[in-house]
Amino acid sequence: MREVVTICIGQAGGQVGKSFWELACLEHGVQNDGTLLDEKCAGSIGTLYSESKEETWEPRTLFVDLDPEPIEALQKSAASILNPASLISGKKSAGHIFSRGRSESVRKEVLNVALDRIRALVDQCECLQSFIILNSLGGGTGSGFGSLLLESLSKNYRKPKTGFHIFPSCAESSSNFCSSSPEFSSSTLESYNAMLHAHTLTDHTDTSVVLGNTAIYDICRSSLGVTRPGYGNFNEIIGQLISASTLGSRFDSALSVDISETQTGLVPYPRLHFYLTSFAPITTDVALPKAKLNAKVGESICDIPTRVCQLVSDYALYEEPSVLDITKAAFEAGASLVKCDPKNGMYMSCFLMYRGEVSSKDVNEAIKLQKVRDDIKFVDWCPTGMKCGIAGTPMVVTSDGTMVKTKKSVMSLVSSTAVRHVFRRLAERFDVIFKKKAFLHSYLAGDIMEENEFIEARENIEDLIRDYEDCELDDDADEDEGGFSDDG
């Protein structure tokens with residue numbers, strides 16, 4: 001058994017984690033009391049869950065937030081399935097300030113308790129595979145305490161760390177204000193927090209999935225038909241993404257791929273471990289049935305026979321897209337879960353995880369067609385870097401969710417040089433306020449941080465951007481700049 005420990009940091013990380021665990025419980029048949037509905041359908045349940053002395057299953061996870069209110073709310077909503085020891089809170093919110101998440105009091109009161117709990121979770125494992133980190137870069141806890149915890153994990157454990165990180169809206173728009181979803185930019189200080197935490201991610205995570213509220217907001221409006229999407233809609237989509245990415249470790253399949261294998265195939269250099277991602281299809285049973293119901297002009301919903309109404313919730317199951325359809329959709333710019341089109345750079349590698357009623361033949365044919373597309377270009381030194389996995393377990397949805405269950409779906413993880421545009425936009429927004437030294441006093445108070453740390457973080461991200469740019473150089477350019485030659 002190869003186990004995973006999931007760590008949800010801050011309010012955003014906690015909400016995403018809650019959505020993920022709701023899906024995981026449905027997939028493995030874990031009920032609210034920790035018992036199994038059907039052991040035959042549980043799969044490799046030990047990957048994510050630990051068995052208690054009472055022979056019940058509890059999530060191998062940690063929820064930590066400096067603000068006590070989100071943890072208290074979580075205790076009320078999910079107390080029956082989560083171990084109370086896995087819910088850790090501080091006494092006061094970090095107030096959107098990175099440095100407050102790293103204060104001495106936080107180290108003593110929260111970090112040490114969190115590390116003790118992580119140690120207990122690790123001790124339960126026979127063979128720990130990796131850590132999964134869920135957080136947001138914009139908040140004080142997600143960024144500040146998140147970086148503190150990542151540094152501690154790197155020091156204490158030599159195990160891969162896979163992060164699902166929500167980047168702030170300032171990293172998705174080059175303008176001063178994000179017009180599409182301004183309500184999801186909660187603080188002017190997001191660019192400071194995100195820059196400082198991104199600096200940590202370059203050295204203290206092994207793989208980082210880049211997510212963005214603005215992109216997911218637009219997907220919710222266009223694909224789910226939600227007029228004013230909220231965080232619940234966001235978390236539902238991200239939860240599906242995390243579920244799909246861990247599927248190969250949790251359910252056996254002829255072509256299953258676990259988390260460590262995706263890292264091996266997607267990371268060309270240790271620092272270049274940031275992925276763009278997409279999920280398809282994202283659809284709802286609210287918008288799609290209209291085409292079927294409106295077949296008879298003028299017919300009222302009240303006039304539709306009961307048996308037809310029963311079909312409405314399962315409409316997507318009857319109007320399934322093909323494997324080629326969902327594969328093509330996964331490569332479209334509008335499907336990216338951050339405002340960054342992979343085709344604006346060059347692909348270094350790509351991983352596609354299919355689930356449900358999918359055949360390897362259909363997958364191979366679909367991938368062949370994507371490889372010959374003119375708008376999908378791989379770097380010269382890795383011209384065929386596509387890898388895929390197939391799991392027969394179809395996606396599940398929660399009863400209160402917006403997404404509809406489909407028979408087949410796909411999740412993509414893409415290592416593309418285009419991700420540098422996310423960091424470039426973040427750097428530009430950072431430069432605007434750092435040039436004026438605006439709000440800097442809030443970070444330097446209490447001698448927790450020094451101004452040089454901001455400069456170091458900015459230089460590191462600039463180096464990261466250049467590293468991605470260098471990967472686009474063709475082989476001839478590399479040789480001209482200092483490759484081997486025949487001259488003595």
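The values are calculated or read from the model by the stated rules, or taken from the named source; none is laboratory data. Remember, it's a predicted structure, so these values are computed and weren't measured experimentally. Because the Cβ atoms are built from the backbone with ideal geometry, glycine has one as well, and the counts that use them run over all protein chains shown. For accessibility, only protein heavy atoms count, side chains too; no ligands or nucleic acids. Shrake-Rupley method; radii C 1.70, N 1.55, O 1.52, S 1.80 Å.
For the stretch 1-73, the Cβ-based charge dipole about the Cα centre amounts to some 300 debye (Lys, Arg positive; Asp, Glu negative; other atoms uncharged). Counting only protein heavy atoms and a 1.4 Å probe, the chain has 44 square angstrom of accessible area per residue. Calculated mean residue ellipticity, 222 nm, the chain: -11500 deg cm²/dmol, from DSSP H runs (n ≥ 4) at -39500 (n - 2.57) each, averaged per residue and rounded to 500. Peptides 65-73, 237-245 ranked from most to least packed give 237-245, 65-73, packing being the mean of other C-beta atoms within 10 angstrom over each peptide's residues.
Ordering 115-128, 36-49, 265-278 by mean Cβ neighbour count within 10 Å, with the highest value first, yields 265-278, 36-49, 115-128.
Note on the chain: antiparallel DSSP beta bridges, both residues inside, total approximately 40 percent of the bridges counted. With the charge dipole of the chain set up from +1 on Lys and Arg Cβ and -1 on Asp and Glu Cβ about the Cα centre, the Cα lying farthest toward the positive end among the listed residues S103, V404, G17 is that of V404. Put a plus charge on the Cβ of each Lys and Arg, a minus charge on the Cβ of each Asp and Glu, and nothing anywhere else: the dipole of the chain about its Cα centre is then about 1460 debye.
Once you reduce the stretch 339-354 and the stretch 421-444 to the center of their Cα atoms, the two points are 28 Å from each other. Remark: for residue pairs K343/K371; K108/K437; K40/K361; K339/K407; K328/K408; K92/K435, the C-alpha separation exceeds 23 Å in K108/K437; K40/K361; K339/K407; K92/K435. Taking amide hydrogens as placed 1.01 Å from N in the peptide plane, the amide H of K387 sits under 5 Å from those of C350, F351, L352, each at least 5 positions away in sequence or on another chain.
Across the chain, C-alpha contacts under 8 Å between residues 6 or more apart give a mean separation that, scaled by the residue count, equals a relative contact order of 16 percent. Please state the shape class of the stretch 337-481: rounded when a/c is under 1.5, otherwise prolate if a/b exceeds b/c and oblate if not, all from the C-alpha gyration tensor. Since a/c reaches 1.5 but b/c is at least a/b, the shape of the stretch 337-481 is classed as oblate.
Highest mean first, the peptides 337-347, 427-437 sorted by other C-beta atoms within 10 Å per residue fall in the order 337-347, 427-437. Across the protein chains, with a 1.4 Å probe defining accessible surface, the residues L473, L189 rank L473, L189 from largest area downward.
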